[in-house]
Amino acid sequence: MSAKTKIFSLIDGFLEYINYARNYSKNTVASYRNDLEQFAEFLIMTEYGKKVSPEKAEIDISSVDLPLLKSFVADLFEKQKLDIKKARKFSNRSISRKISTLKSFFKYLYRKKIVSSNPASALAFPKMQKKLPSYIAASDMTKLLDRIGDGELNFIDKAIFELFYGTGIRLSELINLKTVDIDFYKNTVRVLGKGSKTRIVPFGSKALEALKNYMQIRDILNFNKSDYFFLNKNGKKLYPMEVSRMVKKNLSKVTDVKKKSPHVLRHSFATHLLDAGADIRAVKDLLGHENLSTTQVYTHVSPEKLKKAYKQAHPKA
């Protein structure tokens with residue numbers, strides 16, 4: 001291999017590796033692509049002084065060292081300060097993800113013997129402000145689930161909410177559920193999670209009832225030709241924004257929590273389980289987390305538990 005190589009061909013090779021060999025999700029691969037293309041543009045500007053077409057851009061990737069990588073990260077922080085409108089794009093969390101991408105990319109190049117060392121391994125992550133996940137109070141969830149599902153048109157809303165809150169599955173996992181994935185006898189759902197990993201998650205009697213009611217409407221509308229379980233009024237597979245809008249509309253009726261997304265229902269599922277004394281390892285498996293540290297974010301003390309502890313222990317409560 002020549003000293004200079006087309007940078008985008010190296011990126012394509014890496015993305016192919018994480019897609020097929022590591023079974024990364026489409027969203028993760030897309031994020032890695034965006035991060036590495038941004039890094040490639042930085043290298044090209046550094047090398048050529050201007051942007052050139054990817055077909056012509058050749059970079060000596062072995063000459064990329066730690067100072068150059070630090071310059072790229074510093075450039076991201078500069079953009080974070082200057083571009084307020086794109087603050088989220090260059091937030092500390094976003095920059096941290098880009099650094100993680102670089103570490104993985106150069107680790108891949110090192111293993112392939114394309115570079116003799118991994119300069120990205122010494123990159124430090126920016127300090128992250130610990131952010132507690134938003135969740136809906138259990139009383140508000142009960143109030144909401146009691147309100148929706150009164151009429152036929154709301155049966156799908158009821159089923160979606162009961163499944164989100166009853167299993168803690170992700171939005172992508174819900175819309176990709178197929179009818180064969182739901183076991184109405186064992187009260188379980190088979191979920192295809194991140195990294196194409198399958199897990200079995202149980203659900204309760206309320207969710208079972210809601211799913212059966214929706215199934216009846218689904219059969220009446222002759223939607224049984226589709227493999228996907230949740231379908232819109234046109235008999236088509238639900239799309240993410242469609243579900244997000246429905247969730248936000250219904251949550252707005254019972255809570256003032258700023259974030260009103262499907263993921264908040266996942267947070268609520270985990271928080272309420274742990275608040276009630278569930279084993280954190282069991283919650284980890286239910287959520288489909290690879291590492292226990294990811295689940296530990298839900299072990300924060302909720303305001304309800306603080307008030308209860310205060311009333312029980314403080315002499316002036």
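Distance in nm between label sites at residue 65 and residue 110, each 7 Å beyond Cα in the beta-carbon direction?
It is 1.7 nm.
Residue 220 to residue 46: FRET efficiency via 1/(1 + (r/R0)^6), r the Cβ-Cβ distance, R0 51 Å, to the nearest 0.05?
Working: r = 63 Å, r/R0 = 1.23.
Calculated transfer efficiency: 0.20.
Can you give me the distance in nm between label points at residue 205 and residue 241, each placed 7 Å from the Cα along the Cα-to-Cβ direction?
My value for the distance between the label points is 4.1 nm.
Just grab the label-to-label distance for residue 30 and residue 276, each label 7 Å out from Cα along the Cβ direction, in nm (one decimal).
About 3.4 nm separates the two model spin labels.
How big is the charge dipole of the range 114-271 about its Cα centre, in debye rounded to the nearest 20, if each Lys and Arg gets +1 on its Cβ and each Asp and Glu gets -1 on its Cβ?
Working: 28 positive and 14 negative charges, 122 e Å.
It comes to approximately 580 debye.
If the viscosity is 1.306 mPa s and the temperature 10 °C, what Stokes-Einstein diffusion coefficient in µm²/s follows for the range 138-310 when Rh is the Kirkwood radius over Cα pairs?
Details: Rh = 16.8 Å.
Result for D is 95 µm²/s.
If I stretch the segment between residue 299 and residue 93 completely, what's the gain in nm (0.36 nm per residue apart, minus their alpha carbon distance), one decimal? If you can, show how the numbers build up before the last one.
Values: separation 206, 0.36 × 206 = 74.16 nm, distance 2.09 nm.
Net length gain for the segment: 72.1 nm.
Which length gain, in nm to one decimal place, applies between residue 183 and residue 74 when the Cα-Cα distance is subtracted from 0.36 nm times their residue separation?
On the way: separation 109, 0.36 × 109 = 39.24 nm, distance 5.16 nm.
Once the chain is fully extended between residue 183 and residue 74, it gains 34.1 nm.
Every number here is computed from the coordinates shown, using simple stated rules; none is lab data. This is a predicted model, so every value here is computed, not measured. Positions of Cβ are generated from backbone atoms using ideal geometry, with glycine treated the same way; all protein chains shown enter the neighbour counts.
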